[in-house]
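Heads up: the structure comes next, in structure tokens.
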Amino acid sequence: MHTAGVIPAFLVAIAFSLPLVYIKVKNVRVFHGVAIAAAISAFTLSLYVQHYILSQGAPIVYRMGGWPPPLGIVYEVDALSALLATYTAFTIVFIVAYSYWYLGDDPGVPYYYSLLLGVEAGLLGIYYTGDIFNLFVMLEVLSITCYGLVAYYRNSREAVEASFKYAFFGTIAGLLYFIAAVITYSSFGNLTMGFVAAYSRPLFRYFYQFIDLFTWGNITGAVAAVAALSLWTFTFKAGVFPNHFWLPDAHPAAPTPISAVLSGLVVNAGAYASIRFLYTIFGVYDPLSIFYQLSQYFSIVLSVIGAISAVFASIMMLIQRDAKRLIAYSTIMHLGLIFTGFSLGTLTGVKASVYHILTHAAGKALLFMSTGVAIEASRTRSIADLKAIGRLNPLVGVSVAISCFSLVGLPPLGGFFSKFTLYQAFIEAGRFDLVAILLFSSGIALLGYFKIIQPVLFGFPPSLNTSDIGRFRRTSLWASLLPLLIVLVALNPLVVEALLREAAESTLLADKYISQAVKSFIDYVREVQLSSGG
Amino acid sequence: MDALTLIGILTAVSIAVSVVIWLPVALKAKVRRTEMYLSGEPQVNFNLGITEVSWAVRRVFEKLYSVVLNYVQTGVFNDWFAISLPYLLILLALLTVAIIVGGGV
């Protein structure tokens, strides 16, 4: 299955070639075309990978350069990572379409798409990788491209400062994760996620005794440090309290489509990596794992930071005067809720978290993009001065309202069903404190969202000349907003239940993930034996 | 309790929470906005519109926001480290204790 290995490499190749092509080709519209073609191709390929995995019923392993795990780097894609990768690629298609509207003939377009496709490559690499060190590489690919995009308006003091803060903290986070990878290697003897997961579960060591050949050191002693360092890094990437400081500065300073990518998609990488480490690799919530003793501690830590994030960010939403900053705080709130979901260690909890990742991504991308139109029309980010762009282009007004209502959790939108699943998970686990947190933060956030809805729908109309009015009614705007609007309405359990269940089960029970990694090694040995004549 | 009833209750409670929070703010707070002036322009008093929520909330929950803005979300690097570093140390200590208590080391 080479397709999974091709996608990030394909995106990186396009990303690097764009600035080179710009030396000869000066028409920036060409770059819009190339970017949309690359985004659609990445989505189509990721959809094919997901379809393949679901039809096979097991994760796939792609050996980089033919080297087997645990000696070489592998991509290992299961139902969870395939779902998130496909959804990410899908959302980016519409963000690129919006970028065409937003940036127009801006001379920085080639560099912009070079970085944006780098972000997509990093995200898909994070979801697909089955190697702890390769995850570090992909996190860095993602981070460095994000720093560049936040500082896209390089003459803006705010953008440069925000990017510097993001980069400074991001470098520390990357370093801490690197140390975690070093400790993992020095104790487990390898960095393949499937093998480390096998070693964490004695049952697999019994059946596959050869994996002991690759292992040395005190693994239980190492795990405390590895888990602490990596969780710190992942909470930084996800923008969860108390590592959220950079987010309200960085997200508003970036161009609006990048704010949508950062708030809707990039933060999910932190949540996904946390789930992958805690559930699959160390099996903290798996009774077969030797680290199962840590489950109650992780439940406490994750639910506390998640709850504080949700309450703190919702309170901060109320006092914001900058529209994009308000939405950035809403991201912290929702990531907090996602963390409380998977802190439970139950099937419904994981399902709810993954579901909320999906609905939040669509809702947040749509809210940023539609509010961005109002910001463009009003020429200010100040909420009090936002103009009623909804009167000029009803789709924008409807998009702002629907995305806010979905994020609040009003029926029958996708956000409601994901929050409902969160409620179910909390009630099943007897965590009524988290039910109260969810209710409280959603209630306060509703007031925050109304601050944006009110001026955009009921404020004064913008004063625009004829050419500007045409700009705010372009087809590219409809093409980017309408599909995400439909997704928000369509993301109900009837459509996604089977996908979510598959993803949650593959997360909670890592048996297939481990078996496929080990099988890949056995297949390699068999291939070598056959090629050398037995 | 069936799912539909639960949906209704949870949605209603969520909206009720926001109303309960908003009502005292809207009823109590009157915002006095003093524009920049040279000599004696009148100060303007006005009741709250929903877009003025940030003025009102800051005024009603003044202590809460002063703590948050002065000690947590300050925008100063040093203050961020003062919170993030203890978080890392707590994680390390907690998980090490967890491993030792569980007999892992």
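Packing, taken as the mean count of other beta carbons within 10 Å per residue, orders the peptides A:527-533, A:370-376 from highest to lowest as A:370-376, A:527-533.
For chain A, the longest principal axis of the alpha carbon atoms and the long axis of helix A:157-188 meet at an angle near 10°. Helical content alone sets the calculated 222 nm signal of chain A at -25000 deg cm²/dmol, taking -39,500 (n - 2.57) per DSSP H segment of four or more residues and averaging over every residue. With both labels modelled 7 Å from their Cα along Cα-to-Cβ, the B:F81 to A:W478 distance reads 5.4 nm.
Each peptide in A:118-131, A:67-80 receives the mean, over its residues, of other Cβ atoms within 10 Å, and ordering these scores from highest gives A:118-131, A:67-80. Chain A packed on chain B takes about 4600 Å² of accessible surface away from a 1.4 Å probe, both sides summed.
Between segment B:53-92 and segment A:60-78, the alpha-carbon centres lie 44 Å apart. Based on the convex hull around the alpha carbon atoms, chain A presents an average projected area of 23.8 nm².
If R0 is 41 Å, the Cβ-Cβ spacing of A:T3 and A:A436 corresponds to a FRET efficiency of close to 0.35.
Helix A:132-150 axis versus longest C-alpha principal axis of chain A: approximately 10°, rounded to the nearest ten. Converting phi to 3J(HN,Hα) with the Karplus coefficients 6.51, -1.76 and 1.60 and the offset θ = phi - 60°, segment A:310-317 yields 4, 6, 4, 5, 5, 5, 5, 4 Hz in sequence order, with x at every glycine or proline. With θ taken as phi - 60° and the Karplus curve 6.51 cos²θ - 1.76 cosθ + 1.60 applied, the whole-hertz 3J(HN,Hα) list for segment A:228-234 is 5, 5, 6, 5, 4, 5, 5 Hz, x standing for glycine and proline.
Only Lys, Arg, Asp and Glu carry charge here, each on its Cβ (+1 for the first two, -1 for the last two); on that basis chain A has a dipole of about 1060 debye about its Cα centre.
Here the gap between A:L530 and A:L347, fully extended at 0.36 nm per residue and compared with their Cα-Cα distance, gives a gain of 61.7 nm. Length gained on full extension, A:A490 to A:K24: 163.4 nm, using 0.36 nm per residue less the C-alpha separation. Inter-chain Cβ neighbour count for A:239-246, averaged per residue, equals 4 (cutoff 10 Å, partner chain atoms only).
Among the listed pairs A:K237/A:K351; A:K419/A:K519; A:K165/B:K63; A:K419/A:K451, a Cα-Cα separation exceeding 31 Å is found for A:K419/A:K519.
What does the net charge come to around A:P255 if you take all other residues with beta carbon closer than 14 Å to its beta carbon, with K and R at +1 and D and E at -1? Net of charged neighbours comes to 0. Using bins of 5 Å that start at zero, the share of Cα-Cα pairs per bin across segment A:199-332 amounts to 2, 10, 17, 18, 15, 11, 9, 7, 6, 4, 2, 0, 0, in whole %. Within straight-line reach of A:K387, meaning a Cα separation under 18 Å, sit the following aspartates and glutamates at least 8 residues removed in sequence or on another chain: A:D322, A:E376, A:D468, B:E52.
Once you reduce segment A:429-473 and segment A:1-54 to the center of their Cα atoms, the two points are 33 Å from each other. For the pair B:T5 and B:V97, the difference between a 0.36 nm per residue extended length and the Cα-Cα distance amounts to 28.7 nm.
Each residue, B:L64 and B:A12, gets one label point 7 Å from its Cα in the Cβ direction; the gap between the two is 2.5 nm. Counting only alpha carbon atoms, the long axis of helix A:475-490 and the longest principal axis of chain A meet at about 60°.
For segment A:76-99, the residues whose amide N sits under 16 Å from a probe point set 7 Å from the Cα of A:D523 along the beta carbon direction are A:76-79.
Whole-Hz Karplus values for segment B:79-91 come out as 5, 5, 5, 4, 9, 6, 5, x, 4, 5, 5, 5, 4 Hz, taken residue by residue from phi with 6.51 cos²θ - 1.76 cosθ + 1.60 and θ = phi - 60°; glycine and proline positions read x. Counting only Cα atoms, segment A:341-473 measures 58, 22, 22 Å along its principal axes, largest extent leading.
The values are calculated or read from the model by the stated rules, or taken from the named source; none is laboratory data. Computed from a predicted structure; not experimentally measured. Cβ sites come from the backbone with ideal geometry, for glycine too, and all protein chains shown count toward neighbours. We work out accessible area using only protein heavy atoms, side chains counted, and drop any ligands, DNA or RNA first. Shrake-Rupley method; radii C 1.70, N 1.55, O 1.52, S 1.80 Å.
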